[in-house]
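All remarks here apply to the structure that follows.
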Amino acid sequence: MIHTYVIISIAVLLSVMILVMIGQKLKVAYPIFLVIAGLLVSFVPGMPQIEIEPDLVFLIFLPPILFEAAWFTSWQDFHKWRKQIFSMAFGLVFLTSIVVAYLSSSIIPGLTVAMGFLLGGVNSPPDAVAATSILRNMKIPKKITTVLEGESLINDASSLIVFKFALAAVISGQFIFRDAVQDFFTMAIGGVAVGIAGGLVFGKFLRMIPSNSNIDTVITLIVPYVMYVAAEHFHFSGVLAVVAGGLLMSYNSHCYLSHTSRIQTGNVWSVVIFLMNTVIFILIGLELPVVIESMKDYTISEGIFYSIVIGGAIIVTRLAYSYAIVYIPRLFSEKLRKENPKPDWKEPFIISFAAMRGVVSLAAALSIPVYISPGEPFPHRNIILFVTFVIILITLVGQGLLLSPVLKWLKIEDAGSELPEEKQEVILMKKLKETALQKLNNDFSELSEKNSMVKHQIHKLENEMMMMADKAQCMASTEDYVTAMNENKNVLRQVIQAQRNELHRMKREKIFDDHVMRTIEMQLDFDEAKITGFAHT
């Protein structure tokens, strides 16, 4: 039995990787392509039905995905745009839930307002996985990316809180607003407190206990689960616990992770999250037969009509809210009008258009119990599940495919930073090399007279300082700088490739130990990565 499961798992992973490669060849973001592929595969005769287990998403997939997204979120950018992020993550979620609740209860026969809030809580949050996966390879201004990713990190908490209260109201038949508000703040503040406490405890643990890169990597994989389970155990928000803990640990990672641990954990996390994302998006597509089979009280055409109307209302609500929080505060603040006389109308549009629903919405809908009590089915569960599935397709596949053409049409430029990233990099590296040279000259000048290797380091830094000065001079002309940088990168890559070819030739001679050859080869890989960057394509 286990042997069969292993073979099936390997076959599924191999198939998914092939689909991802095909998506890359077609230049379609892999989340979108995998959902489409899953939909097509679900129509294959004899294909078994696969139903997503909500606990699998909330307990297995969600904590590490949120933790990784929080870890690589820029704390500086997050803090800079925190007002807009929190406004979108909480205010927009609640507004969307209200709009969906009253609209759905008015157009779907028999659906109560409480059930409408259940549907609104499920569909109000854009998905963190979809946002980070699809936007990562698109040229979008830093502010827009920060707002979208920051919002998607937090809004799962607010939407799941709405979902829990609505579910309790449907089951119990009563809803007390004052208790709901009190519980909301308790869950949110408690979740953040658990995350911060967990980040501090694990950070101190890693500082005090001797470890290595393997142990550090495993601990970072365990941390998000501990934070999530601990918060949920005390009935706090596990999502906010993981996000708060991830942001804190990332900010202080230099205190307890060595350079080898940072490199290794980054690579391992990249692979783990990629695998989780691919499985999640293929499962969304494969869920189609389960969703259609549940449509017993409504026709497919009725379900599609409700989905389009409600999905359209969600999109319009987000669009109106995005413009409102940009322009309305300016009416009451002279300071805002002076700082930004003419805000770019394109930014709110992209922030609205790039919001895609994903697996968290589907898992939340599937987690609605089939029965309220023994023998009493949960009312309208089938239409809530169907509408959620169609809205995911509309936003993830529809808007996701249109996002790239829309960005090209708008021709938006990144004006969020006073200095281009290349200039910032040159300034920072120049400052660090000046610090290193000053340290060598002040503390090791006598040693350099006796130790040729130390003396070589001083000469090397002096040469690098001269190169930095030339690089800064080239930046005076953008065209000259781009040409010079491309030529330099091309030369360096050819030099490294010649070294690699020579290394492989010597490997065939079997004179040197294999582990020494691998160490040198890894060093060449790092040298090339400095030129090409560490981005995963």
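Within the stretch 315-383, considering only helices (runs of 4 or more DSSP H) that don't extend past its boundaries, which have at least 2 residues that are within 29 Å of residue 52 (Cβ to Cβ) and among the hydrophobic types (A, V, I, L, M, F, W, C)? It would help to see each step written out before you state the result.
Values: elements: 334-339, 346-353, 359-366.
So the answer is 346-353, 359-366.
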Output the residue which, of all residues in the stretch 215-229 that are of a type in the set (A, V, I, L, M, F, W, C) and either out of contact with any Gly (no Cβ under 8 Å at 6 or more places or on another chain) or surrounded by fewer than 18 Cβ atoms within 10 Å (Cβ to Cβ) (or both), is farthest from residue 194 (Cα to Cα).
215
Given the structure, is residue 336 among the aliphatic types (A, V, I, L, M) and without any contact (Cβ under 8 Å) to a residue 60 or more places away in the chain?
yes
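Mind checking whether some residue in the stretch 142-152 is free of Cβ contacts under 8 Å to residues at least 24 places away in the same chain and more than 25 Å from residue 368 (Cβ to Cβ)? If you could, list the steps in order and put the result at the bottom.
First pass over the stretch 142-152, keeping only residues free of Cβ contacts under 8 Å to residues at least 24 places away in the same chain: 145.
Next, only the ones that are more than 25 Å from residue 368 (Cβ to Cβ) stay: 145.
Yes, the stretch 142-152 contains at least one residue that is free of Cβ contacts under 8 Å to residues at least 24 places away in the same chain and more than 25 Å from residue 368 (Cβ to Cβ).
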Looking at the stretch 108-124, is at least one residue surrounded by fewer than 24 Cβ atoms within 10 Å (Cβ to Cβ), within 27 Å of residue 400 (Cβ to Cβ) and touching a helix residue (DSSP H, G or I) at 6+ places or on another chain (Cβ under 6 Å)?
yes
Six or more apart or on different chains, Cβ under 7 Å: which pairs go from a residue in the stretch 25-39 that's under 15 Å from residue 395 (Cα atoms) to one that's among the acidic types (Asp, Glu) and not in a helix (DSSP H, G or I)? Could you list them?
none
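Mind checking which helices (runs of 4 or more DSSP H) fall wholly inside the stretch 1-75 and carry at least 2 residues that are at pLDDT below 85 and either out of contact with any Lys or Arg (no Cβ under 8 Å at 6 or more places or on another chain) or among the charged types (D, E, K, R) (or both)?
Numbers: elements: 2-25, 30-42, 62-71.
Qualifying helices (runs of 4 or more DSSP H): 2-25, 30-42.
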Where residue 482 falls short, out of the listed (1) surrounded by 12 or more Cβ atoms within 10 Å (Cβ to Cβ); (2) modelled with pLDDT of 80 or more:
(2)
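Please note which helices (runs of 4 or more DSSP H) are completely contained in the stretch 394-475 and include at least 3 residues that are farther than 30 Å from residue 39 by Cβ, modelled with pLDDT of 75 or more and open to solvent by less than 100 Å² (accessible area, probe 1.4 Å). So that I can check it myself, show each step before the final result.
Numbers: elements: 400-410, 421-443, 445-450, 452-474.
Hits in the stretch 394-475: 421-443, 445-450, 452-474.
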Does residue 351 count as in contact (Cβ under 8 Å) with a residue 40 or more places away in the chain, in contact with a Lys or Arg (Cβ under 9 Å, 6 or more places away or on another chain) and of a type in the set (Val, Ile, Thr)?
yes
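The values are calculated or read from the model by the stated rules, or taken from the named source; none is laboratory data. None of the values given here were measured: they were computed from a predicted structure. For neighbour counting, all protein chains shown are included, and Cβ atoms are generated from backbone atoms with ideal geometry for every residue, glycine included. Note: accessible area is taken over every heavy atom of the protein model, side chains too, but ligands, DNA and RNA are not part of it. Shrake-Rupley method; radii C 1.70, N 1.55, O 1.52, S 1.80 Å.
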